[in-house]
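Shown next, in structure tokens, is the structure this report addresses.
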Amino acid sequence: MSERLEDIAVAMVANGRGLLAADESTATIKKRFDGIGLESTETSRRDYREMLLRADDAMRDYISGVILYEETLFQNAADGTSLVDIIRKADSIPGIKVDAGAKPMAHFPNETITEGLDGLAARLAKYHEAGARFAKWRGVIAISNALPSRGAIRANAHALARYAALCQEAKIVPIVEPEVLMDGAPGDHSIERSEEVTEWTLRTVFEELGELRVKLEGMILKPSMVIDGKKARKASVDEVAERTIKILKRTVPAAVPGIAFLSGGQSTEEATAHLSAMNAAHDLPWKLTFSYGRALQQEALNAWGGKAENVAAGQRAFTHRAKMCSLAAKGSWTKDFERAA
Ligand code: 13P
């Protein structure tokens with residue numbers, strides 16, 4: 001496969017395939033495993049992720065790349081094959097989460113700044129060597145009537161741009177992820193407020209990317225959708241799609257090859273329906289696909305339940321959900337496909 005940034009970025013969003021975000025930190029995967037009563041150990045994390053990556057049909061047909069946590073990038077399957085090789089054999093691309101998490105931001109109560117820039121150039125060289133061809137950094141933007149502040153948006157956008165420039169020097173495609181929280185506190189914001197904050201955030205992010213000479217052809221944007229807060233959900237699927245497309249057109253240059261949304265706590269079906277509506281109704285300058293964590297994994301995690309005898313059931317659930325998301329990336333998902341399964 002080509003090693004040019006532009007070609008990798010295009011491959012990440014081509015043919016109705018999208019990204020599997022399997023980069024939960026050790027603390028987050030513990031929360032997910034708590035939900036099925038499973039202890040999180042290096043082995044149980046390996047078994048779970050190996051199950052997903054060995055779902056051959058799902059990987060080959062629907063998953064263009066997998067965002068890994070550092071532990072997984074260097075981990076071997078039960079039979080000794082590296083997990084990276086399993087991904088590559090499915091003609092999918094290994095990627096890596098490189099940020100060190102969103103931390104409380106000094107002087108900005110209830111807002112965060114994402115850490116991880118110090119030493120990043122050296123880590124990226126190591127990740128490239130291990131096979132990673134793209135990376136992810138998540139900036140988190142709080143939202144309420146009073147938040148976010150200009151200072152927090154600016155600082156997070158600047159960090160995203162510094163990260164993206166370092167990635168490109170290391171021949172790694174940066175996924176630039178500014179997430180406006182849907183399910184953070186207080187979570188009762190309207191869709192109008194979401195639209196305003198998301199537009200402001202994306203505008204600032206692209207200003208910073210330009211300032212730091214990030215090559216737009218060699219990156220992927222991973223935004224949240226314009227959507228009302230989890231405690232105020234009223235907007236229809238079409239309204240979410242319309243408002244999201246409107247602000248993306250205003251802020252994301254056509255040179256960016258693709259936009260891969262996060263699911264952010266939407267139900268699996270909501271996340272699928274929204275993506276499909278955006279793709280069905282519009283002629284767009286970029287590919288629109290998924291980079292879902294929870295919305296791709298929740299059903300598989302439940303079907304597996306941490307039991308070896310349920311691996312096939314977990315893989316079936318994952319394959320179904322990946323197929324639904326892929327239909328959505330082509331704008332051709334309908335509820336009937338869910339019922340047919
Ligand atoms: P969710 O789709 O569960 O929001 O996760 C995607 C992700 O990578 C968040 O950083």
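Quick check on the range 253-280: of everything there that is in contact with a Pro (Cβ under 8 Å, 6 or more places away or on another chain) and assigned to a loop (DSSP other than H, G, I, E, B), which residue is nearest to the ligand (Cβ to nearest atom)?
Going through the range 253-280, the residues in contact with a Pro (Cβ under 8 Å, 6 or more places away or on another chain) turn out to be 254, 259, 261-262.
In the following step, the residues that additionally are assigned to a loop (DSSP other than H, G, I, E, B) were identified as 254, 262.
Working: Ala254: 25, Leu262: 4 Å.
Selected residue: Leu262.
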Residue list for the range 58-87, restricted to those being among the β-branched types (Val, Ile, Thr) and either surrounded by fewer than 24 Cβ atoms within 10 Å (Cβ to Cβ) or in a helix (DSSP H, G or I) (or both): Thr72, Thr81, Val84, Ile86, Ile87
From (1) touching a residue at least 24 places away in the same chain (Cβ under 8 Å); (2) more than 14 Å from the ligand (Cβ to nearest atom); (3) assigned to a helix (DSSP H, G or I), pick out the condition that doesn't hold for Ala317. (1)
Positions within the range 287-310 being in contact (Cβ under 8 Å) with a residue 40 or more places away in the chain, buried (at least 18 other Cβ atoms within 10 Å of the Cβ) and more than 16 Å from the ligand (Cβ to nearest atom), in sequence order: Lys287, Trp304
Looking at the range 12-28, which of the residues that are among the hydrophobic types (A, V, I, L, M, F, W, C) and in contact (Cβ under 8 Å) with a residue 40 or more places away in the chain is nearest to the ligand (Cβ to nearest atom)? Ala21
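Provide a single number: the residues in the range 140-159 that are assigned to a helix (DSSP H, G or I) and free of Cβ contacts under 8 Å to residues at least 40 places away in the same chain.
Going residue by residue through the range 140-159, those that are assigned to a helix (DSSP H, G or I) are 150-159.
Add one more test, that the residue is free of Cβ contacts under 8 Å to residues at least 40 places away in the same chain, and what stays is 150.
Number of matching residues: 1.
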So how many residues does the range 29-57 have that are assigned to a helix (DSSP H, G or I), away from the ligand (no atom under 16 Å from the Cβ) and among the β-branched types (Val, Ile, Thr)? 1
For the range 19-32, state whether one or more residues are within 18 Å of the chain's Cα centre (by Cα) and at positive phi. no
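Which count do you get for residues in the range 195-227 that are farther than 30 Å from Lys171 by Cα and either within 16 Å of the ligand (Cβ to nearest atom) or in contact (Cβ under 8 Å) with a residue 40 or more places away in the chain (or both)? Before you say what the answer is, go through the steps one by one.
So in the range 195-227, the residues farther than 30 Å from Lys171 by Cα come out as 195-197, 226-227.
Applying the additional criterion that residues be either within 16 Å of the ligand (Cβ to nearest atom) or in contact (Cβ under 8 Å) with a residue 40 or more places away in the chain (or both) yields 195, 197, 226-227.
Number of matching residues: 4.
I'd like to check something: does the range 305-314 contain any residue that is part of a helix (DSSP H, G or I) and touching a Phe, Trp or Tyr at 6+ places or on another chain (Cβ under 6 Å)?
Yes, that holds for at least one residue.
Each value in this text was obtained by applying a stated rule to the coordinates, not by laboratory testing. Every value quoted in this text rests on a predicted model; they were computed, and no experiment measured them. Glycine also receives a Cβ, built like all others from the backbone with ideal geometry; neighbour counts cover every protein chain displayed.
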